[in-house]
Amino acid sequence: MTLVYLMINGLQIGSIYALVALGYSMVYGIVKLINFAHGDIIMVGAYSTWYLMSRFSAPAWLAVTATIVMCSVLGVLIEKIAYKPLRKSDRLSLLVTAIGISLLLQNVAQLLFSANPRMFTNIFTGSVSIGERQFSNATTVTIAVSIVIMLLLTLLVKHTRMGKAMRAVSEDYETAQLMGINVNNTISFTFALGSGLAAVGAVFYCCSYSQIQPTMGSMLGLKAFVAAVLGGIGSMPGAMIGGLCIGIAESLTKGYISSQLTDAVVFGILIVVLLIKPSGMFGRRMNEKV
Amino acid sequence: MLKVENINVYYGAIHAVKNVSFEVAQGEIVTLIGANGAGKSTILKTVSGLLRSKGGRISFLNEEISSSEAYKLTQKGLSHVPEGRRIFQQLTVEENLEMGGYIRNNRENSRTIEDVYDRFPRIKERRRQIAGTLSGGEQQMLSLGRSLMSAPRLVMMDEPSMGLAPVLVEQIFSIIKELNEAGTTILLVEQNARMALSIAHRGYVLETGKITLEANAQALLNNNEVKRAYLGG
Ligand SMILES: Nc1ncnc2c1ncn2[C@@H]1O[C@H](COP(=O)(O)OP(=O)(O)O)[C@@H](O)[C@H]1O
Ligand SMILES: [Mg+2]
């Protein structure tokens, strides 16, 4: 029973990593950028939901919906303002810009809400008991909703016109333009989608771990990034499986070894992946163009 | 139909296309021949909006397109089959065709897909396959088929014979000829000058970024300089 309990908790945090990792992977796939500001979108999502609910007493569904929309718009704006002008520059300038945006978001949050942690009220209260163990509703909702979102996302990318355009642009954006695909719109859509997923991840995260603070996105983002690398950066199934694996690895470490070692295990996984198979579980070989 | 006037294209300090002008009339096959590095692909990319000319003017169907965005030109009826086929390797054969018809609706696409399959039966057999697994010849067929999906008025082809076995080259060229007879105007860029001139109406010779000769195809085939430089003596 302990194992099952740890697995379920692992799936819960793993689903959150997966949602966030999808954003890293989709954006990397389409603009070949490791968007270091992505983790901070989680933080923005957390503050936004908290603010709307605590200051305006907005109902949870409204706060969450508004947060998703706001994060999507923010993701699109960041791309348009900061990354798009650099599309033809070298990757390093882009990377440095992304780190700059990340710091900017953290500092603005600190300015607006101070560095003191705020308490987020769980919106999925209550729990269910399976056997002698209790599982909070936040856990079950997180896992169930994340799985549904991931299925829908898979269908979207596989079958819709926009999904196919996303795949075409990530493979060859010049040729995609020759097909009549508006590459700018496709990139914006990808950023909106990725940031929206991060917002959902933020809400789930806060429901289980109630403290929010301006730097909360760094660690969460970094772990989701490890998940994306483990799955194969650029691969969507990779991000999903990678996220779940990292979550389970963390939970098992916490349960069987020591909760102090979880971070070490996650980054240990990163090092092992980079040494053994840098393209990850589902990654394509880097030299795919002949 | 297409009129290019005095375009100049640079890659940084490299002046790759120098004051080039040419024209393609409705119904023609016009070929642009030249050695590797002469600037042929650069010219096609400039026409389709992937690169910009410094000065000059490009018009298509009497409309200036010099500063149009690349993705908008497909809608106007211009199609560009890029050098090296550039099919989407990770997409299926049919998804590649759907991308070719991105600007059209599903009903138009499913009809055109059938036309493409009729023209390229090999492609039809492989419709569910990942396009990266096709042979070179099949990929070229797919690339051509994909460009037809938008029902273009003018198709620009960049070295469709590159890297293909002679039988396949013959086949590709006879398809180009058929397409033209069915009403599609063609701008054909080739290093294989003999084949290109054998189906073209007119041709231009490009040398290190400059057009040095312009004549009808027969005259170019008989031109001594062309014979020496491009037809092997
Ligand atoms: N992306 C690029 N950057 C710099 N120089 C380029 C680039 N592409 C082509 N060139 C140069 O421009 C010239 C023309 O190239 P290109 O148009 O590809 O010729 P062709 O298609 O006739 O073989 C060549 O000298 C080539 O080296
Ligand atoms: Mg070329």
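Since every read-out is calculated from the coordinates, none of them should be taken as a lab result. It should be emphasised that the depicted structure is a prediction, and the values quoted were computed from it without experimental measurement. Note that each Cβ is placed from the backbone with ideal geometry, even for glycine, and that neighbours are counted across all protein chains shown.
What FRET efficiency would be calculated for the residue pair A:Asp90, A:Val148, taking the C-beta separation as r and a Förster radius of 30 Å, to the nearest 0.05?
After rounding to 0.05, the efficiency reads 0.15.
Which log10 I(q)/I(0) values, to two decimals, does the stretch A:16-220 give at q = 0.08, 0.11, 0.12 Å⁻¹ under the Debye formula with one point per Cα? Result of the Debye calculation: -0.29, -0.54, -0.63. Geometric descriptor of the stretch B:145-219, per residue, is 105 Å³ (volume of the convex hull of the Cα atoms). When only alpha carbons are used to place a centre, the stretch B:19-59 and the stretch A:22-88 end up 43 Å from one another.
Defining a contact as two alpha carbons under 8 Å apart and six or more residues distant in sequence, what relative contact order in percent does chain B show? Dividing the mean separation by the residue count of chain B yields 28 percent. Rounded to the nearest whole angstrom, the semi-axes of the ellipsoid equivalent to the stretch A:69-114, taken from the Cα gyration tensor as √(5λ), stand at 22, 14, 6, largest first. Determine the shape class of the stretch B:79-233: with a ≥ b ≥ c the square roots of the Cα gyration tensor eigenvalues, call it rounded for a/c under 1.5, and otherwise prolate if a/b is greater than b/c, oblate otherwise. Cα axes put the stretch B:79-233 in the prolate bin.
Considering only A:Ser210, A:Ser93, A:Ser48, the mean-square fluctuation computed in a Gaussian network model of chain A, springs between alpha carbons under 10 angstrom, is largest for A:Ser93.
All Cα-Cα separations within the stretch A:199-290 were binned at 5 Å from zero, giving a P(r) of 3, 13, 20, 23, 19, 12, 6, 2, 1, 0, each value a whole percent of the pairs.
Which aspartates and glutamates, if any, have their Cα less than 17 Å from the Cα of B:Lys76, not counting same-chain residues under 8 positions apart? Straight-distance partners of B:Lys76: B:Glu63, B:Glu64, B:Glu108.
Summing Cβ point charges (Lys, Arg +1; Asp, Glu -1) relative to the Cα centre of the stretch A:16-220 gives a dipole of roughly 240 debye. For the stretch B:61-139, the list of trypsin sites (Lys or Arg not before Pro) that fall in a loop by DSSP and count at most 12 other C-beta atoms within 10 angstrom reads B:Arg128.
If you fit an axis through the alpha-carbon atoms of helix A:236-252 and take the longest principal axis of the Cα set of chain A, what angle between them do you get, 0 to 90°, nearest 10? Computed tilt is about 30 degrees.
Toward the positive end of the charge dipole of the protein assembly as shown, with +1 on the Cβ of Lys and Arg and -1 on the Cβ of Asp and Glu, the farthest Cα among B:Val20, B:Gln140, B:Gln171 is that of B:Val20. The stretch A:192-243 and the stretch A:92-144 have Cα centres separated by 9 Å.
Here, the protein assembly as shown has an Rg and a Dmax of 27.6, 94 Å when only alpha carbons are counted.
Quick one: Kirkwood hydrodynamic radius for the stretch A:184-243, alpha-carbon pairs, angstrom, one decimal?
Averaging 1/r across every pair of different Cα atoms and inverting gives 12.6 Å.
Using C-alpha pairs under 8 Å with a sequence gap of at least 6, the mean separation divided by the residue count of the stretch A:188-270 gives a relative contact order of 20 percent. Please report B:His80, B:His201 as a ranked list, fewest other C-beta atoms within 10 angstrom at the top and most at the bottom. Least to most surrounded, the residues fall as B:His201, B:His80. Each 10 Å bin from zero holds the following percent of Cα-Cα pairs in the stretch B:99-159: 22, 56, 22, 0.
Once the Cα atoms are used to define both axes, helix A:60-78 deviates from the longest principal axis of chain A by about 30 degrees.
Please compute the average number of Cβ atoms from other chains found within 10 Å of each residue's Cβ in peptide A:178-189.
6
Here the Gaussian network model covers chain B, with springs between Cα atoms less than 10 Å apart; of B:Ser53, B:Ser143, B:Ser110, B:Ser110 fluctuates the most. For A:Lys158, the aspartates and glutamates whose Cα comes closer than 12 Å to its Cα, not counting residues fewer than 8 places off in the same chain, are B:Glu95. When the Gaussian network model of chain B links Cα atoms closer than 10 Å, the mean-square fluctuations of B:Ala196, B:Ala215, B:Ala182 top out at B:Ala182. Taking the Cα centre of each part, how many Å lie between the stretch B:164-207 and the stretch B:83-139? The two parts, judged by their Cα centres, are 21 Å apart. For chain A, the longest principal axis of the C-alpha atoms and the axis of helix A:91-113 are separated by about 40°. Taking all Cα pairs closer than 8 Å and separated by 6 or more residues, the relative contact order of the stretch A:16-220 comes to 44 percent. With loop membership from DSSP and a limit of 12 other Cβ atoms within 10 Å, the longest segment of chain A without GluC sites (Glu not before Pro) is A:133-287.
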